[in-house]
Amino acid sequence: MAKVYTFANQKGGVGKTTSVVNISAFLAAQGCSALVVDVDPQANATSSLGLEEHLAESLKSGDEATVYHALIEGAPVSQIIQTTRRPRLHLVPSSPALAGAEVELVGMLARETLLRKALAPVLRHYDYVMIDTPPSLGLLTVNALTAADGGVIIPVQCEYLALEGLGQLLRTVNLVRDSLNPRLTIAGVVLTMYDTRTRLSQEVADEVRRYFPKQVFKTVIPRNVRLSEAPSFGETILTYSPGSAGALAYGALTDELLGRQV
Ligand code: ATP
Ligand code: MG
């Protein structure tokens, strides 16, 4: 049965997608089967995984089923899953149409548990399910948190105001835990885009560690241009630049995550 992790932080551009895609690639490279579930209408995880062009086109145009169809129309997730270039790494794709779901969900019955129910039949096929969320605390993110039996992983960018908004995220996590998913824990906090040349990065890292004394991963993800280049080639860091500082860090972070579970 898969362990389900949701990556969430309503602050934009903190490294949610980069973490989901690259940790999943490392898990798959280690022999685990991993399913990336893209619950963000920006569909960055979908495009980062380098789907073939015709498929990318038909996802955009709405000819191919996506997570939207699973949530709103009850389409079986098993029929939506796409394979990727990497063995054992599969994807439930997103598309811009998902933006409408945030509104459509409001009127639906059991609207917070739709993703959890949609994923349930495929969980036995995977070791890990990694859910990428949009930069908001709306119903899509609430659905992702409700589905996360393994917990939530919070990427925090080592920048000014890094902790801003985290209180609100934690309140949402607590609400979901109390009413929808009693197994929701904070599985980890990842410090991202750490710049060794600045004192600010160090200060933010220290502050986040004080705030989350137990949850912050020892592995820190450095600011590394290779990590930002890889998605435009539809590649993960593992194939794009396996010797880069970014690859080494995501490899180490994956090991740390695996180690935490035993
Ligand atoms: P959103 O909230 O919009 O979904 P996000 O939290 O998913 O954003 P990413 O898309 O992973 O954030 O990262 C934001 C940008 O920063 C992207 O262009 C990404 O390539 C780049 N980036 C992420 N991590 C790093 C890093 N460690 N070093 C350099 N660039 C990075
Ligand atoms: Mg993203």
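Bear in mind that the values in this text are calculations on the coordinates, not laboratory data. Since this is a predicted model, take the numbers as computed values, not measurements. No Cβ is skipped: glycine too gets one built from the backbone with ideal geometry, and neighbour counts run over all protein chains shown.
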- Query: Dividing the convex hull volume of the alpha carbon atoms of the stretch 139-245 by its residue count, what do you get in Å³ per residue?
  - Reply: 128 Å³
- Counting sequence-distant residues (5 or more places) and residues on other chains, those with an amide H built under 5 Å from that of ASP195 are SER201, ARG223
- Query: How many angstrom lie between the C-alpha centres of the stretch 12-51 and the stretch 204-262?
  - Reply: 13 Å
- Taking N as the residue count of the stretch 1-157, its alpha carbon Rg divided by 2.2 N^0.38 Å gives 0.93
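Over the stretch 50-102, calculate the relative contact order: mean separation of alpha carbon pairs under 8 Å at least 6 apart, over the residue count, as a percent.
Contact order relative to length: 37 percent.
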- Task: Please give the peptides 71-80, 219-228 ranked by average Cβ packing (other Cβ atoms within 10 Å per residue), highest first, as a rough proxy for protection.
- Result: 219-228, 71-80
- Query: What list of ³J(HN,Hα) couplings, whole Hz, do you get for the stretch 155-160 from phi and the Karplus terms 6.51, -1.76, 1.60, once you set θ to phi - 60° and write x for glycine and proline?
  - Reply: x, 10, 7, 6, 9, 3
- Task: Could you work out the relative contact order of the stretch 163-250, using alpha carbon pairs under 8 angstrom and six or more residues apart, expressed as a whole percent?
- Result: 24 percent
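Among LYS3/LYS214; LYS11/LYS60; LYS117/LYS214, which pairs are too far apart, with a Cα-Cα distance over 27 Å?
The pairs that break the limit, which is 27 Å between Cα atoms, are LYS117/LYS214.
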- Task: Report the label-to-label distance for ARG226 and ILE72 in nanometres (one decimal), using points 7 Å from each Cα along the Cα→Cβ vector.
- Result: 4.0 nm
- Query: With each label point set 7 Å from Cα along the Cα-Cβ vector, what nm distance links ALA110 and GLU203?
  - Reply: 5.0 nm
- Mind checking the full-extension length gain between SER33 and ASP255? Use 0.36 nm per residue of separation minus the Cα-Cα distance, one decimal, nm. 78.4 nm
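Where nothing but the Cβ of Lys and Arg (+1) and of Asp and Glu (-1) is charged, how large is the charge dipole of the chain around its Cα centre, in debye to the nearest 20?
Charge dipole, the chain, about its Cα centre: 860 debye, nearest 20.
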- Message: Sorting check: for 162-168, 35-41, 146-152, which peptide has the highest mean count of neighbouring beta carbons within 10 Å, and how do the rest follow?
- Response: 35-41, 146-152, 162-168
- Looking at the chain, do any whole DSSP H helices span at least 15 angstrom along their long axis by alpha carbon and average -0.5 or above on Kyte-Doolittle, and which? 16-29, 166-179, 245-260
- Query: Mind ordering 231-238, 205-212, 104-111 by average Cβ neighbours within 10 Å, highest first?
  - Reply: 231-238, 205-212, 104-111
